[in-house]
Amino acid sequence: MQALLTELRGIVGTGHVLTEGDLSAWENDWRHRANGRALAVVRPANTQEVAQVVGACHQHLARHPGCGLGIVAQGGNTGLVVGSTPDGNGTQLVLSLQRMTAVREFDTANLTLTVEAGCILKTVQDTAAAQGMLFPLSLAAEGSCTIGGNLGTNAGGTQVVRFGNARELCLGLEVVTPQGDIWHGLSGLRKDNTGYDLRNLYIGSEGTLGVITAATLKLYPAPAAQRTVWAAVPSLQAAVDLLGLAHQRLGAGLTGFEAMGQFALSLVAKHFGHLQVPFLQSYPFCVLIEHSSHESHDHARDQLAQLMVTAMAHGCVSDAVLAENLTQAHTLWHVRESIPLAQAREGLNIKHDISVVVSRIPAFVQETDALLAQAIPGVRLVNFGHLGDGNLHYNVQAPVGVDAAGFLLEREPEVNRIVFDAVQRFGGSMSAEHGIGSLKVNHLAHYKCAVALDTMRAIKRALDPLNLMNPGRVVRLDTSEPT
C-alpha cells in the first residue's frame, strides 16, 4: 500500500495524508462503540482532489483485488451506527471532507444555497439566516455534523414534521463515483423529469455508492416569529390526540412536535441540575411544540394559547408552560436536547431509532414496554423523540445496580430482537433517521424485504463492482465482508 500512499501524498499534499500520531478523532466512533484502525486519513481540499484520490484507490484495488482496500467517507464523525469509521483491519482509508467548507452560491430568488460537503450544519443555518432565510434541518449535533454526513444518512431532526428529512431539503448534488468520475448534478431545479433520480439514490446511501462533495439546498423565508409551548399530557395517546389538534389549528405553522417520557426527563434533572425541567415526575409524558408564524409574535402566541385551551378542554393536555420569549424557548429546547447526553452520563445503553405510523405508537410502546419488563425486571426505558413524524428514540437502560457495560454486552441481542420484532409487527422501520452503518447491517437482512435487499445489492454491484466504497455498511455483498 506504500506506493498508493505516495501517490495520494502527491494529490493532496504530504501534510494531508495522516498515518502516524493520534488518529482517534477519525478512527473512533462518537458513541465509542467501535475503535477502528485506518490505513491513512486523507484530507482533500476540493472535489477534483477527491476524484483523483478515489480514482487512484480504484486503480490500486483493481490491480490488487485481495488487498482489502476501502474508502470510508467522513464528515463530522457524529454518526450513531458506526458507519463512518474504519474497521480494525488497517486497510481502509478515511476520506475526511472537513477541509471542504466553501459556500459556493447563494441564490435568493431561487431560494437555494450551494455548499461543499464539509460545511458544518450550523454554518449553513447561520449563512441562510444572515440573508433572512431558513434552512430548517436541525439536529442536536448541528454544531459539528456536516452537510455531507447529513445527506449521506438522510438525517432527520426536530422539524421533519413540517419540512421533511434531509432528502426533502436537497435539490442537487455533486458526487464522485467509485471510479473517480464526477457527477455534476448541482441543479437548483425543482422539476427535472429526465430519468432515474440519482440525487435520491445517493442520499441515504451512507457513502456506499459514491462520495457527496457538494449540495444545492432548499431554503425557506425565515418566519416572523417562533413560539414554543411545553405541555404535560396524561398519556402517549393524549399526545397523539394533541398532535392532531395541532395540525388542525396550526397547519403549516407546526414546525416541531417532540414527546418525552418522564424517566428521560428525570435523567436530565439528575445529570444537569442547573436545568429546570417543567412538570418533573408529575405526568407520564411531556410534549414540546414549536409554532412558526409569518405574521407576528403576538399572533403566534395567541394561536398556541388557543391550542392549549382547546387541548385542555379535550382532556389531552393537563398543564402547559408557554415560553414568553426566545430565551425561554431555547431553555425548553435545551432540556429536550440534553436527553441523549444525560443518558450517556447514566451509563452505556442500547439505542433504538425506530419509526411507527403515528396512530399506532401508543399501542407499540405499551406492548413493547411490557415485553421488555417481563424479560428484564427493573429495566429502565428512555423513550423520547419526534412524535410528529412517528420517530421514537426508544432506548433501554440497565436496571439500577446492574453494570451498564455488562448489560450492553450480554443483553443487547435479546433487547434488539424484542424491539425490532415489535416494530415489524406494527409495520414500522428499525432505522428512522440514523441509518444502518455496520451496527445494524446484520439486522437488515432479517427485517428488510428480500426483494428490496436484492435490489439494493444489485445497485451496489452495478455502481461499485470492486466494493471500494464503505464496504460492509448498509448492505453486505457476501458474508466475508467486515462488520
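Read-outs throughout are calculated quantities, based only on the coordinates presented, and are distinct from any laboratory measurement. Small disclaimer: the values here were computed from a predicted structure and weren't measured. Note that each Cβ is placed from the backbone with ideal geometry, even for glycine, and that neighbours are counted across all protein chains shown.
Between H446 and D181, full extension at 0.36 nm per residue minus the direct alpha carbon distance yields a gain of 91.9 nm. Computed from label points 7 Å out along Cα-Cβ, the spacing between S144 and S282 is 3.5 nm. Put in order of Cβ neighbour count within 10 Å, fewest first, the listed residues M308, M133 become M133, M308. Annotation: extensible slack from V357 through L189 equals 57.4 nm (criterion: 0.36 nm per residue apart, minus Cα-Cα distance).
Taking the Cα centre of region 103-221 as origin and assigning +1 to Lys and Arg Cβ atoms and -1 to Asp and Glu Cβ atoms, the resulting dipole is close to 300 debye. If the Kirkwood radius is taken over C-alpha pairs of region 123-209, then at 4 °C and 1.567 mPa s the Stokes-Einstein diffusion coefficient equals 92 µm²/s. The tail of the calculated P(r) for region 379-477 beyond 15 Å holds 70 percent of all Cα-Cα pairs. For region 1-129, the pair-distance distribution built from all alpha carbon pairs, in bins 5 Å wide starting at 0, is 2, 10, 19, 20, 18, 14, 9, 5, 3, 1, 0 percent. Taking Lys and Arg as +1 and Asp and Glu as -1, the other residues whose beta-carbon sits under 12 Å from that of R301 total -3. Around the Cα centre of the chain, unit charges on the Cβ atoms of Lys, Arg, Asp and Glu (plus for the first two, minus for the last two) sum to a dipole of about 400 debye.
Here each label is just a point 7 Å from Cα along the line to Cβ, and for K270 and E412 those points are 2.1 nm apart. Ellipticity at 222 nm from helices only: DSSP H runs of n ≥ 4 in the chain, each -39500 (n - 2.57), divided by the residue count, give -11000 deg cm²/dmol. Counting only DSSP beta bridges whose two residues both lie in the chain, roughly 85 percent are antiparallel. Kirkwood radius, the chain, all distinct C-alpha pairs, inverse of mean reciprocal distance: 23.5 Å. Taking the fewest neighbouring Cβ atoms within 10 Å as the starting point, the ordered list for C119, C67, C145 is C67, C145, C119. On a per residue basis, the convex hull of the C-alpha atoms belonging to region 347-425 measures out at 78 Å³.
For C57, the shell of other residues with beta-carbons less than 14 Å away shows a net charge of -2, using +1 for Lys and Arg and -1 for Asp and Glu. DSSP beta bridges confined to region 2-98 are antiparallel in about 25 percent of cases. Region 419-483 and region 354-369 have Cα centres lying 23 Å from one another.
Taking GluC sites (Glu not before Pro) as exposed when DSSP calls them loop and at most 14 other C-beta atoms lie within 10 angstrom, the chain has its longest site-free stretch at 21-294.
Here the extension length gained between Q328 and R63 equals 89.3 nm, from 0.36 nm per residue of separation less the Cα-Cα distance.
Region 150-213 and region 13-52 have their alpha-carbon centroids 23 Å apart.
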